[in-house]
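S.K.: What follows is a single structure, and I will ask about it in a moment.
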Amino acid sequence: MTGLSSVFASVSTLATAAPPPGGSSDLRTRAANDDVASLTVYARQHPAQRDALFSAMMKAGRTGDVSRVAQALKKADFDVPVWMRYGQGGGPAYSIRPDSDQTARISNSPAWNDLVRSGQVTASEQRVISRMSNNEGRLDSVQAYDSEIATLGAMQKTINSAGTGELPKQVWDFRQAEPQKYRSLFADRGWTVERVGKGNTASDFAMRLTVDGRTMTAAQTEAYIKDRANPEHWNKALDPLLDAGRDPAFQAQQIRDFASRLETAMAVVPRGAGYTRPASAYITSEQGAALVLDQHVNRPGRVAGSLGAALDRFHAADPAAPRDPARWTAEQRANYEPLIVTAYQSQRIGSGMTHPVDRHAHIVGEGTRLSAAPGSFVTAPR
C-alpha cells in the first residue's frame, strides 16, 4: 500500500486548483453548472465570495443547492467529502488533516489501554505500530477515488470492485467480536458483511450497501458512490465508514489487525540459501521490527528478498559470522544486528517501496521512542 498522505496530497491539488468539468472561473457559470461538492470546496476557499456565489446560484434556480452548500459549510472540513480526480476518473474522499493534527492517529487511540491491559498487545508492539502507522492512513481515513469501491482505516483496507477484500474481512472479524457494535456502526446504517466463500481469506467475505430498502450489487454500489452529480450519495455511503473509523471499538479491531500483520511480517523467512529462520530470529529490536512491518504493509511481496539480500551483504562482509542466528552469542548479536538492519534499509530503497527514505526517517528519526537495542521488541503470546 502507498502512504495515503502522499497520494491524497498529489490528487487534492488537481481536485481544487482547477474547476471541475462544466465549471469555469466565471462565478455565474460556476453557480449554474458546478456540483454541490465542488461549490462547497469553492465557498470554503473563497469566503469573501460566498454571498455572491449564493446569489448567483439562486438566480440560476438552485435554491435547494444553496441550502445544501450552507449545511455542508457548517461541518468541519474533515467531515465533508469532496470530489477527487484520480487519473482519468475519480471519486469522493474526506480531506486529510495536516501532519501537525494528530487526530485519529493510531498512537492516540483510546483503544490501546484495554488492549495492553488485557494482554492482547504489548507496550512494545504499541510503540512499533504507533510509530510505523504514521506512514499510512489514519483510523478514520476514507476515500473512494481510485479503482476500489471504498477504502477505510489506518492500513487502508479496501472493498474491491467485486465487493470483497480486506475491509470486508476486517468488518466480518469485527462482527464476530462485537456483534452489537457491528450492528450500530455498519448494519443499521446500510453496510452489511456476509460470507461468500468457504475459506477465511479476503475473497471469502463481501460487503453490501443497502439504500432505501434496495441492496445493491458491487457494481451498483461503486456507481452509486462515484456519482459526481449526487454528492448526497457520498455522505450516505461513506459517513458510516468515517464514523466507524472514529469509534474506539472499531479502532481496537484495526489495532488487532495491525498486530496480526506485524506478527505475519516478522514470520517472513529471508530468501536465500541457508536462511531457514524467520525475520524475528535476525531482527529483534523495535526499530528493526517497525521497518519490517513498514515494508510488509507497503510492498509485502518484497520483504523476503530484501531481508535475504541484506543478510547476503552482511555475510559477504563477515564470512565467519554463523548463518544460523540461534548460534549467535549475546555479544555477537549486539554487533551483528545493527549491521543487518542498516543493510536491510539499503535493500528497502531498491524494493519499489513508496518513499522508502522518508518512511525510514519517520520511523527511526527525530522523536522516535523505538529502541534500536537487540531484544527490545517484545510480543504478546498469540
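S.K.: Using +1 at the Cβ of each Lys and Arg and -1 at the Cβ of each Asp and Glu in the chain, identify which of Pro231, Ala111, Pro374 lies farthest towards the dipole's positive end.
M.R.: Pro231
S.K.: Rg and Dmax of region 53-124, using alpha carbons, in Å: what are they?
M.R.: Considering region 53-124 through its Cα atoms, Rg and Dmax are 20.1, 63 Å.
S.K.: In addition: Have a look at Val341, Phe186, Ser141 and report the one farthest towards the positive end of the charge dipole of the chain, computed about the Cα centre with Cβ charges (Lys/Arg +1, Asp/Glu -1).
M.R.: Positive-most Cα among the choices belongs to Phe186.
S.K.: Fewest first, what order do Glu178, Glu222, Glu232 take by the number of other Cβ atoms within 10 Å?
M.R.: Fewest-to-most Cβ neighbours within 10 Å comes out as Glu232, Glu178, Glu222.
S.K.: Under a GNM of the chain (C-alpha, springs under 10 Å), which listed residue has the highest mean-square fluctuation: Gln45, Gln254, Gln120?
M.R.: Gln45
S.K.: Which three extents, in whole angstrom, do the alpha-carbon atoms of the chain cover along their principal axes, largest first?
M.R.: 83, 42, 34
S.K.: I would also like to ask the following. Using a Gaussian network model of the chain with C-alpha springs under 10 Å, which one of Ala31, Ala279, Ala320 is most mobile by mean-square fluctuation?
M.R.: Among Ala31, Ala279, Ala320, the largest mean-square fluctuation in the Gaussian network model of the chain belongs to Ala320.
S.K.: If you consider only alpha-carbon coordinates, what radius of gyration and Dmax does region 267-364 have, in Å?
M.R.: Looking at region 267-364, its Cα Rg and Dmax stand at 12.5, 36 Å.
S.K.: Right, next: Just how large is the dipole of region 138-273 about the Cα centre, in debye to the nearest 20, putting +1 at every Lys and Arg Cβ and -1 at every Asp and Glu Cβ?
M.R.: Dipole magnitude for region 138-273 comes out near 240 debye.
S.K.: A further question on this structure: Which residue, Thr221, Thr192, Thr29, tops the fluctuation ranking in a GNM of the chain built on C-alpha contacts under 10 Å?
M.R.: Thr29
S.K.: Set the Förster distance to 30 Å, then compute FRET efficiency between Thr217 and Thr29 from the Cβ-Cβ distance, nearest 0.05.
M.R.: Efficiency at R0 = 30 Å is approximately 0.25.
S.K.: OK, next. For region 178-308, state what percent of all Cα-Cα pairs lands in each successive 5 Å bin, counting from 0 Å until the bin that includes the largest distance.
M.R.: Histogramming region 178-308 at 5 Å steps yields 2, 9, 14, 15, 13, 13, 11, 10, 7, 4, 2, 0 percent.
S.K.: On to the next question. Please identify which residues in region 36-52 have an amide N closer than 19 Å to a label point set 7 Å out from the Cα of Asp79, following the Cα→Cβ vector.
M.R.: 37-38, 40-45
S.K.: Between Asp99 and Asp204, what length in nm is gained on full extension when 0.36 nm per residue of separation is reduced by their alpha carbon distance?
M.R.: Separation in residues times 0.36 nm, less the Cα-Cα distance, equals 34.2 nm.
S.K.: Further question: Residue separation times 0.36 nm, minus the C-alpha to C-alpha distance between Ala373 and Asn108: what's the value?
M.R.: Between Ala373 and Asn108, full extension yields an extra 92.9 nm.
S.K.: What is the order of Lys226, Lys198, Lys75, Lys157, fewest Cβ neighbours within 10 Å to most?
M.R.: In increasing order of surrounding Cβ atoms, one gets Lys198, Lys75, Lys226, Lys157.
S.K.: Nearest 20 debye, what's the magnitude of the dipole of the chain about its Cα centre given +1 on Lys and Arg Cβ and -1 on Asp and Glu Cβ?
M.R.: Its charge dipole is roughly 240 debye.
S.K.: If you don't mind, another one. For every helix of n ≥ 4 consecutive DSSP H residues, a contribution of -39,500 (n - 2.57) applies; sum these over the chain, divide by its total residues, and give [θ] at 222 nm rounded to the nearest 500 deg cm²/dmol.
M.R.: -15500 deg cm²/dmol
S.K.: A further question on this structure: Write down Rg/Rh for region 205-262, rounded to two decimals, with Rg from the C-alpha atoms and Rh from the Kirkwood relation over Cα pairs.
M.R.: 1.08
S.K.: Work out, step by step, the length gained on full extension between Thr264 and Asp239: first 0.36 nm times the residue separation, then minus their alpha carbon distance; give nm to one decimal.
M.R.: 5.9 nm
S.K.: Something else: How much FRET efficiency would the formula 1/(1 + (r/R0)^6) give for Glu331 and Gln71, where r is the Cβ-Cβ distance and R0 is 41 Å, rounded to 0.05?
M.R.: Rounded to the nearest 0.05, the efficiency is 0.05.
Coordinate-derived values only; no laboratory data. This is a predicted model, so every value here is computed, not measured. Please note: Cβ atoms are built from the backbone with ideal geometry, for glycine as well, and neighbour counts cover all protein chains shown.
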